[in-house]
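Single-structure report; data block below.
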Amino acid sequence: MTVSMFAHLHRNQNLKTMKRLIFSLILMVNQALMFAQDPPVIRDTETPIVEPLELSGPRLGMVYIHTADFSNVYEISNHFSKDNPVPSFLNTIGWQFEKEYFSTPNGVAGLVEFIPMITGYNAGLFIPSANLLFGVRNSEGLEFGMGANVSLLGSSVIYAAGYTFKFDYLNIPVNFAFAQGRSTERFILTFGFNLRRHGR
């Protein structure tokens, strides 16, 4: 056998080996894609799916300040001071933004809520605050949450609970919250409204 014939046979063998490797690789990729597909899902067509409530919208209410450090407020106020303290009851107004991050077929939803508020306008004050809460709400409108509050009165942990009353085309959420920090304790009662969507 000449050297050229031997080289030709060697090249043919290498090509056959390469083809086998490519074919084996294609089979492996195909098998991997088949196993990576979503498993079959059994569709339940009998259990009704309840849509979670969506309650973004305006908020109005009242704040009772049990204790607080008003030094930051006194610095920007021309009327109130240590000798003329801020009233314990103040009005508050704001807007609730919410994002659902999970829901169940029976209408229970996990929520992230961001609520900027302005407090004290009934007394000529401008006390901004921001609330960030994580909570759970069921399809009937009962909800609980916990998060953080930051304002001119300091930072605090905020605990909230509420219930939504449904009237024809309106949702009326009513919430009670308690904010507690190093130098402040406040009780907050708010209500809001938004239009009901179909099934909500």
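Every condition in (1) touching a Lys or Arg at 6+ places or on another chain (Cβ under 7 Å); (2) in a loop (DSSP other than H, G, I, E, B); (3) not hydroxyl-bearing (Ser, Thr, Tyr) holds for LYS166 except the one numbered (2).
Conditions tested, residue by residue: (1) free of Cβ contacts under 8 Å to residues at least 60 places away in the same chain; (2) under 30 Å from PRO85 (Cα atoms); (3) surrounded by fewer than 15 Cβ atoms within 10 Å (Cβ to Cβ).
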{"position": "GLU100", "(1), (2), (3)": "yes, no, yes"}
{"position": "MET117", "(1), (2), (3)": "yes, yes, no"}
{"position": "ASN138", "(1), (2), (3)": "yes, no, no"}
{"position": "ALA148", "(1), (2), (3)": "yes, yes, no"}
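Scanning segment 119-136 for residues that are part of a helix (DSSP H, G or I) and loosely packed, with under 15 Cβ neighbours inside 10 Å gives TYR121, ASN122. Residues satisfying the criterion are absent from segment 153-176 (criterion: in contact with a Phe, Trp or Tyr (Cβ under 6 Å, 6 or more places away or on another chain), in contact (Cβ under 8 Å) with a residue 40 or more places away in the chain and surrounded by 14 or more Cβ atoms within 10 Å (Cβ to Cβ)). Filtering segment 169-200 to residues that are under 20 Å from LEU133 (Cβ atoms), part of a loop (DSSP other than H, G, I, E, B) and either not basic (Lys, Arg) or not assigned by TED's automatic domain parsing to the domain that holds THR119 (or both) leaves THR184, PHE193.
The values are calculated or read from the model by the stated rules, or taken from the named source; none is laboratory data. Note that the structure is predicted; figures quoted are calculated from it, not measured. Positions of Cβ are backbone-derived with ideal geometry, glycine not excepted, and every protein chain shown enters the neighbour counts.
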